Amino acid sequence: MINENANTPKNETHTWLEPGAWRKPCIVHVTMVANSRQALFGKLTHNGSEAVIEKTPIGWALINQQRRLLELCPEIKILADKVMPDHHHMVLQVQRTMTRSIRQVVRGYMQGCKGEARKLGFVENLYDAPPFYRVLTHKGQLHAMIEYVKANAERAWQRRQNPDLFRMHRKTEVCGLQFTSMGNHFLLDWPERQLVEMSREASEDQIDERLQSVLAAAHNGAVTYTAAISKGERKIARMVRERGFPLVVLLNDGFPKEGAPHERFYKPGGVYFEACSKGKLLLLEPEGSAFVNQVVMKATEETLRRKAEAKHYSYHPVPVTSQRYRFVALNEIGRLLVER
């Protein structure tokens with residue numbers, strides 16, 4: 001039995017920058033992305049009972065290099081791995097302190113994969129960017145990491161085949177809140193999530209800076225959540241969508257009312273239609289009960305109070321029926337979904 005709490009600091013951002021931290025016992029989810037997201041490693045198919053990846057010679061080379069990695073680094077154990085057509089995952093456990101860091105080990109593994117690819121005639125750079133690391137830091141995360149990697153092919157197949165992407169769902173429950181929804185519900189299961197929330201007063205430089213960090217995280221597998229209300233939020237949501245990254249949009253009064261004549265024929269319009277058809281979009285509209293949920297109300301009031309105090313205004317409670325309350329509440333609901 002692996003102790004998920006052993007050597008897994010809570011303040012990951014700070015602790016994992018400390019000298020030597022990457023040499024110590026830890027558990028890390030590593031994602032490596034193929035050059036330009038080409039399907040270099042295999043083809044997604046189905047054998048009648050489950051989704052499978054028919055590996056290319058390069059895909060098999062990745063597997064062979066894993067064996068080489070374990071021979072060279074007996075301190076490491078591979079807890080889960082999955083080769084997908086355009087990327088691959090490994091969940092690595094460092095069981096005892098190493099002379100090299102886990103980053104150096106992974107870099108060596110990738111260099112070995114590149115060398116094997118060159119032998120097979122692939123002369124371009126095998127990978128699109130440096131690998132993305134996610135260090136285990138809290139209870140329950142290990143199970144989510146492993147299950148995510150194991151189910152990667154099946155989720156990809158379902159996204160490709162699912163004919164239900166354009167059906168409206170009432171009473172979708174997430175975090176105890178009820179939503180009307182449409183799109184790829186598998187996005188709710190993604191372990192890596194980020195919230196895009198930007199002030200209406202954000203400058204173009206601030207928006208562009210945030211955009212770059214959001215796109216980097218999306219490239220490395222994070223699903224982006226946003227209410228797409230402010231100018232900055234809308235710009236970032238548009239770029240995430242145009243780049244083909246998955247997006248969850250929180251709507252305020254975006255779906256037809258239940259029982260409306262056009263309810264059964266509703267489809268997301270314009271730019272969202274293509275994203276939805278590709279399984280890259282989930283639309284969530286909170287029901288009225290979500291806006292008066294005690295957790296949501298408390299978080300929304302704290303945010304409204306903080307905004308007022310920052311501008312040296314006297315704070316006065318905002319009616320829950322007002323648009324201002326609902327817009328702030330949408331972001332707080334988004335935060336709740338992202339941090340769950």
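A few comments on the model shown:
- Flag for LYS278 being in contact with a helix residue (DSSP H, G or I) (Cβ under 9 Å, 6 or more places away or on another chain), closer than 27 Å to ARG241 by Cβ and either of a type outside the set (Val, Ile, Thr) or open to solvent by 30 Å² or more (accessible area, probe 1.4 Å) (or both): yes
- Leading residue by the ranking (modelled with the lowest pLDDT) among those in the range 298-324 that are in contact with an Asp or Glu (Cβ under 9 Å, 6 or more places away or on another chain) and open to solvent by less than 80 Å² (accessible area, probe 1.4 Å): TYR315
- Pairs with Cβ under 6 Å, 6+ apart, first in the range 95-109 and over 16 Å from LEU70 (Cβ atoms), second open to solvent by less than 40 Å² (accessible area, probe 1.4 Å): SER101/TRP22; ARG103/TRP22
- Qualifying residue in the range 137-158 (condition: at pLDDT 95 or above, closer than 19 Å to HIS219 by Cα and in a helix (DSSP H, G or I)): no
- Any hit, the range 154-164, residues being surrounded by 14 or more Cβ atoms within 10 Å (Cβ to Cβ) and in contact with a Lys or Arg (Cβ under 6 Å, 6 or more places away or on another chain): no
- Residue that is nearest to the chain's Cα centre (by Cα), among those in the range 264-311 that are among the aromatic types (Phe, Trp, Tyr) and within 19 Å of LYS171 (Cβ to Cβ): PHE291
The values are calculated or read from the model by the stated rules, or taken from the named source; none is laboratory data. Being a predicted model, the structure only gives us computed values, none of them experimental. In this analysis, Cβ positions are derived from the backbone assuming ideal geometry, glycine residues included, and neighbour counts consider all displayed protein chains. These area figures cover heavy atoms from the full protein model, side chains too; ligands, DNA and RNA do not enter into them. Shrake-Rupley method; radii C 1.70, N 1.55, O 1.52, S 1.80 Å.
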